[in-house]
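The numbers here are math on the coordinates, done by the rules we state, and not lab data. The model shown is predicted, which means the values in this text are computed figures rather than measured ones. Reconstructed Cβ throughout: ideal geometry from the backbone, glycine too, with neighbour counts over all protein chains shown.
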Amino acid sequence: MIDELRPLEEGYPDVLVVIGVHSPKFPHETDHGVVADAVERYEVRHPVLDDPELHTWQQYAIRAWPTLVVVDPEGYVVSVAAGEGHAEAIGRLVDDLVAEHDARGTLHRGDGPYVPPPPAETALRFPGGVTRTPTGSLLVADAGHHSVVELAADGETVLRRIGTGERGRRDGTAGEATFAEPQGLALLPADVAAEVGYDAVVADTANHLLRGIRLSDGEVCTVADLPVTLTGTATITGDVPGVLSPWDVEWWDDRVVVAAAGVHLLLGFDPRSGQVSLLAGTTVEGLRDGPALEGWLAQPSGLAADRTGNRIWIADAETSALRWLERDPAGRHRLRTAAGVGLFDFGHVDGPAGGARFQHPLGVTALPDGSVAVLDTYNGAVRRYDPDVDAVSTLATGLAEPTGGVLVDGQLVIVESAGHRLTRPVAPGVIREVTGPARQTRRPPAELGTGAVRLTVVFTPAPGQKLDDREGPPTRLQVSASPPELLLSGAGESVDLTRDLVLADDIPEGVLHVTAQAASCDVGVEHPACRLARQDWGIPVLVRAGGPGRLPLMLRGLDEG
């Protein structure tokens with residue numbers, strides 16, 4: 001969302017003020033220093049209100065991360081939009097508001113109120129993933145410096161930097177190329193690299209690109225532009241709506257697996273053909289196992305192929321879960337969960353996997369003994385899951401947002417992203433158990449009545465646009481629940497943005513999963529531009545007799561009900 005807003009901030013510098021409101025989901029995010037780090041990490045150039053108790057969230061009746069609220073010069077809310085993809089529509093609305101309030105004399109022009117502090121100077125700045133080259137050096141995605149750094153095996157000596165350090169998306173030599181917040185990287189097998197002409201694939205996260213690096217001279221090329229038209233999909237056709245944010249990449253099952261965190265999918269990229277296919281997920285955010293194309297993921301971030309090649313481990317960040325994708329003898333893929341419960345459950349709990357908890361892990365590393373190290377980012381810990389005994393333990397604590405790891409001579413080298421360094425915090429043979437509380441997100445739930453509830457998704461096309469019904473219904477709504485028994489009726493998919501639900505009176509709480517989309521196009525022009533707005537909501541609900549019988553969700557517009 002921050003990147004999506006940058007053109008608006010630059011295009012309307014004297015009439016538009018952007019104010020970020022930080023509404024944390026996890027306890028780690030309530031630390032003010034963590035918020036300040038995030039402002040620097042993402043190069044935020046507007047004021048940010050740190051609201052750890054979610055007061056503003058509740059005052060504006062927000063239901064989703066992220067949500068945009070447009071306030072006119074007289075202080076009235078004129079539009080609310082949930083999810084990504086609304087920048088163009090908001091630009092049109094701002095044009096109308098500027099004209100209206102200029103004419104009324106109520107628009108006050110001026111400079112923005114915020115001057116960011118200068119960043120600190122360190123060799124690495126908010127690094128992400130790490131991998132080892134055939135020569136033994138380390139490649140690090142240096143997200144804060146928008147580049148890839150090659151370090152000696154000591155993890156400190158800089159051998160070279162690939163990228164200018166400026167935010168951009170330019171291909172070329174190591175001294176010409178630009179990236180935008182690269183996070184993950186992976187090496188190709190030698191035979192594949194020889195065929196395609198590059199050795200490493202980089203998840204260029206804020207550019208929504210996959211980039212290739214030739215290690216011999218540092219030449220950078222773009223190998224896939226996301227979103228893309230997927231091939232071989234059963235559940236999604238055409239371009240994937242939304243911001244893909246590729247977070248990590250890993251070679252597995254004869255392809256590069258891509259963790260598309262922004263749309264909750266795993267993609268497969270074939271570097272030989274350039275095709276991208278869907279491996280797992282439906283774009284619904286949640287935790288559901290089973291056939292891969294029916295399963296749910298939630299910001300899949302870290303990837304690691306196991307030593308046998310039978311599975312790829314997944315750090316599923318928003319469900320605070322460790323999961324894996326496997327291929328059965330018939331070649332079908334299935335999603336499974338090792339530890340983790342759902343969108344709102346987390347903690348630092350070791351022991352049997354069924355009761356173990358993580359807090360927003362962003363990385364995984366396969367270990368030689370078949371176990372997996374989990375970079376438990378918001379707990380500041382390295383954890384270990386042993387599939388032989390189906391249990392979780394702790395290897396190290398006290399780290400500054402660990403996000404990646406790699407084995408060097410049998411020792412685990414960890415990326416401490418907020419520490420801007422690589423460290424070796426895991427002592428050989430030291431395994432311990434931490435018994436902490438299992439916790440749940442404090443996000444305010446929606447209180448609803450038992451029985452009939454009307455769900456309404458509000459969508460208003462941008463000024464100068466109308467719903468696009470040229471190739472069929474322009475809207476779609478999909479509803480499900482966790483547990484499924486919460487919904488006596490109303491689950492499923494339809495083209496109407498209003499749905500009558502019936503909630504069970506013997507299930508006091510749960511989560512409604514709602515996915516809505518709406519297509520709109522320009523009117524009155526020869527070559528109309530079309531846009532698809534889409535949002536997934538996971539709404540925690542409390543079911544009470546006599547509670548409200550209506551649940552409005554804002555895709556874009558104002559609730560008139």
What does the convex hull of the alpha-carbon atoms of the range 109-202 project to on average, in nm²? 8.0
Neighbour-count order for Phe459, Phe358, Phe126, fewest beta carbons within 10 angstrom listed first: Phe459, Phe126, Phe358
Show me 14-26, 542-554 ranked by packing, highest mean number of other Cβ atoms within 10 Å first. 14-26, 542-554
What dipole magnitude, in Debye to the nearest 20, does the range 130-440 give about its Cα centre under +1 on Lys/Arg Cβ and -1 on Asp/Glu Cβ? 280
Kindly identify the range 445-561 as rounded, prolate or oblate by the Cα gyration tensor criterion: order the square roots of the eigenvalues as a ≥ b ≥ c, call it rounded if a/c is under 1.5, otherwise compare a/b with b/c, prolate if a/b is larger, else oblate. prolate
Mind checking the range 309-344 for trypsin sites (Lys or Arg not before Pro) that DSSP puts in a loop (not H, G, I, E or B) and that have at most 12 other Cβ atoms within 10 Å? Arg332
Taking Cα atoms only, Rg over Rh for the range 1-141 with Rh from the Kirkwood formula is 1.05
Scan [x] 0.96; [y] 1.02; [z] 1.24 for the value of Cα Rg over 2.2 N^0.38 Å calculated from this model and give just the label. [x]
Per residue, what volume in Å³ does the convex hull of the Cα atoms of the range 266-390 enclose? 109
Coil-residue GluC sites (Glu not before Pro) of the range 500-561, DSSP, other Cβ within 10 Å capped at 13: Glu526, Glu560
Which value in Å is the Kirkwood Rh of the range 130-440 over different Cα pairs? 19.2
Taking the Cα centre of the range 1-119 as origin, sum charge times position over the Cβ atoms of Lys and Arg (+1) and Asp and Glu (-1), and report the length of that vector in debye to the nearest 20. 180
For helix 32-41, report the angle its Cα long axis makes with the longest principal axis of the Cα atoms of the chain; keep it between 0 and 90° and round to the nearest 10°. 80
Per the helix-only model, the chain has a calculated mean residue ellipticity at 222 nm (DSSP H runs of ≥4, -39500 (n - 2.57) each, divided over all residues, rounded to the nearest 500) of -2500 deg cm²/dmol
For peptides 413-425, 184-196, sequence by mean Cβ density within 10 Å, most packed first: 413-425, 184-196
Show me the ranking of peptides 132-142, 52-62, 32-42 by mean Cβ neighbours inside 10 Å, starting with the highest. 132-142, 32-42, 52-62
Give the residue from Leu555, Val525, Leu503 lying farthest towards the positive end of the charge dipole for the range 445-561; charges sit on Cβ (+1 for Lys and Arg, -1 for Asp and Glu) and the dipole is referred to the Cα centre. Val525
Mean projected area (nm²) of the alpha-carbon convex hull when the range 382-459 is viewed from all directions: 10.8
What share of Cα pairs, in percent, lie more than 18 angstrom apart in the range 444-493? 50
